[in-house]
Amino acid sequence: QVQLVESGGGLVQAGGSLRLSCAVSGRTFSSNAMGWFRQAPGKEREFVAAITWNGGSTYYADSVKGRFTISRDNAKNTVYLQMNSLKPEDTAVYYCAAGAKATSLYASLYDYWGQGTQVTVSS
């Protein structure tokens with residue numbers, strides 16, 4: 001069974017940085033891609049970034065390009081989201097997702113989800 005545990009969320013001022021981590025256990029060979037999504041209160045879940053385990057190919061939402069970097073450490077079974085130049089509109093619960101066959105912006109294509117970690121960016 002696949003389990004995802006996120007950490008690294010918190011409160012930062014605009015312009016600051018945070019690094020989120022997602023520790024994965026029980027990874028299967030068919031789980032090729034990992035993703036990060038976020039959801040603000042009253043809004044739909046939004047794609048942020050994705051990465052493949054084997055090739056490290058990345059895919060970003062336009063809203064975070066140039067500011068966020070997704071990476072992975074295969075030996076540690078961990079995926080990271082480095083968030084720089086944070087803006088108040090980045091405030092949301094951030095979710096780690098696993099199980100997609102390829103990097104995808106569609107949440108429905110990911111089979112496993114973490115519990116979420118709160119990121120709050122103040123003005």
Item to complete: On the full set of protein chains, 1.4 Å probe, figure out the accessible area of SER7 and give it in Å² to the nearest 10.
Response: 60 Å²
Item to complete: Loop sites only, by DSSP: take the trypsin sites (Lys or Arg not before Pro) in the chain that have at most 13 other C-beta atoms within 10 Å and name the longest stretch containing none of them.
Response: 1-42
Worksheet item: What residues of segment 98-123 lie in the reach of a label at GLN1, counting those whose backbone N is under 20 Å from a point 7 Å from the Cα along Cα→Cβ?
Response: 98-100, 110-116
Worksheet item: Do any chymotrypsin sites (Phe, Trp or Tyr not before Pro) in segment 1-101 lie in a DSSP loop with no more than 13 other beta carbon atoms within 10 Å, and if so, which?
Response: PHE29
Discussion item. Given points 7 Å out from each Cα along the Cα-Cβ axis, report the ALA40 to SER57 separation in nanometres with one decimal.
Written reply: 3.1 nm
Discussion item. Using a probe radius of 1.4 Å on heavy atoms only, what accessible surface per residue do you get for segment 54-123? Whole Å² is fine.
Written reply: 51 Å²
Worksheet item: Where a Cα-Cα gap under 23 Å defines reach, which lysines qualify for LYS76, not counting those fewer than 8 residues away within the same chain?
Response: LYS101
Worksheet, complete the sentence: Taking Cα atoms only, Rg over Rh for segment 53-103 with Rh from the Kirkwood formula is 0.96
Practice prompt. Please give the direction-averaged projected area of the C-alpha convex hull for segment 1-104, in square nanometres with one decimal.
Written response: 6.5 nm²
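The values are calculated or read from the model by the stated rules, or taken from the named source; none is laboratory data. Bear in mind the structure is a predicted one, so any value in this text is a computation, not a measurement. We place every Cβ from the backbone using ideal geometry, glycine too, and count neighbours over all the protein chains shown. Remember, those area values only see protein heavy atoms, side chains included, never the ligands or the DNA or RNA. Shrake-Rupley method; radii C 1.70, N 1.55, O 1.52, S 1.80 Å.
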